[in-house]
Amino acid sequence: DKSIISDLPEKNEMKVWCTLTSEQATLYQAVVEDMMAAIDGSEGIQRRGNVLAAMTKLKQVCNHPAHLLKDGSRLPARSGKLARLEELATEIIEDGDKALIFTQYAEWGSLLQPYLAAHLDRPVLWLHGGLSKTRRDEMVTRFQEDDEPMLFLLSLKAAGTGLNLTAANHVIHFDRWWNPAVEDQATDRAF
């Protein structure tokens with residue numbers, strides 16, 4: 001609200017659409033077909049559960065095939081979304097900036113963090129609910145006070161509220177949450 005805090009800059013929000021790779025499209029279609037078979041044979045709460053489970057799988061396919069398959073397979077060149085994140089991360093680092101990258105899936109963050117660190121040849125911090133308060137505080141301090149450009153990968157649930165990460169000038173939501181207000185709160189960690 002500009003009448004309360006008049007010196008905040010405008011937020012620039014950009015939606016980036018990413019194309020599925022052929023592998024992702026094939027997996028997506030398979031999940032849809034499995035879901036249709038499962039819901040045809042179910043009713044009531046079981047049917048709703050099947051639909052919600054399939055929606056979660058579809059979101060995982062859109063992240064990366066390895067996220068759905070949980071097979072430890074390689075990450076490069078298999079996800080349109082990951083390819084775009086690699087481009088954005090490279091631009092952000094080359095510009096000397098800092099970014100927050102939110103994911104709702106801790107298992108995906110655990111795959112993504114070492115991959116991005118190797119791809120960018122620099123540390124990528126990873127904050128999730130399994131960390132101690134001391135370790136979380138150390139990461140926040142490092143991100144806030146270190147002058148080097150860096151990325152901070154965060155679990156949406158663990159970091160969506162209660163943190164001030166104003167050193168970031170970019171926020172990326174890798175996968176979308178059901179409730180946009182949760183994403184808005186996470187974005188405002190930097191704003």
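Brief remarks on what is shown
- For Leu88, the requirement of being open to solvent by less than 60 Å² (accessible area, probe 1.4 Å) and either touching an Asp or Glu at 6+ places or on another chain (Cβ under 7 Å) or not hydroxyl-bearing (Ser, Thr, Tyr) (or both) is met.
- Check on Val16, of a type in the set (Val, Ile, Thr) and part of a loop (DSSP other than H, G, I, E, B): yes
- Filtering segment 18-40 to residues that are free of Cβ contacts under 8 Å to residues at least 12 places away in the same chain and of a type in the set (S, T, N, Q) leaves Ser22, Thr26, Gln29.
- Of the residues making up segment 65-106, those that are in a helix (DSSP H, G or I), over 19 Å from Glu183 (Cα atoms) and without any contact (Cβ under 8 Å) to a residue 60 or more places away in the chain are Pro65, Ala66, His67, Leu68, Leu69, Leu82, Glu86, Glu87, Thr90, Glu91, Ile93, Glu94.
- Hits in segment 158-172 - residues which are outside any helix (DSSP H, G or I), touching a Phe, Trp or Tyr at 6+ places or on another chain (Cβ under 9 Å) and surrounded by 18 or more Cβ atoms within 10 Å (Cβ to Cβ): Gly160, Leu165, Ala167, Ala168, Val171, Ile172
- From the list Lys81, Lys98, Lys133, the one residue that fits, being of a type in the set (Lys, Arg), more than 19 Å from Asn63 (Cβ to Cβ) and open to solvent by 40 Å² or more (accessible area, probe 1.4 Å), is Lys133.
- Glu138 meets all of the listed conditions (1) assigned to a helix (DSSP H, G or I); (2) touching a residue at least 40 places away in the same chain (Cβ under 8 Å); (3) open to solvent by 60 Å² or more (accessible area, probe 1.4 Å) but one, namely (2).
- Residues being open to solvent by 70 Å² or more (accessible area, probe 1.4 Å), closer than 29 Å to His173 by Cα and either outside any helix (DSSP H, G or I) or in contact (Cβ under 8 Å) with a residue 40 or more places away in the chain (or both) - total across segment 41-63: 0
- Arg122 vs. criteria in contact (Cβ under 8 Å) with a residue 12 or more places away in the chain, open to solvent by less than 60 Å² (accessible area, probe 1.4 Å), within 25 Å of Glu23 (Cα to Cα) and in contact with a Pro (Cβ under 9 Å, 6 or more places away or on another chain): no
The values are calculated or read from the model by the stated rules, or taken from the named source; none is laboratory data. Because the structure is a prediction, the values reported are computed rather than measured. All Cβ positions, glycine included, derive from the backbone under ideal geometry; neighbour counts span all protein chains shown. When the accessible area is computed, the model is the full protein with side chains, heavy atoms only, and any ligands, DNA or RNA have been set aside. Shrake-Rupley method; radii C 1.70, N 1.55, O 1.52, S 1.80 Å.
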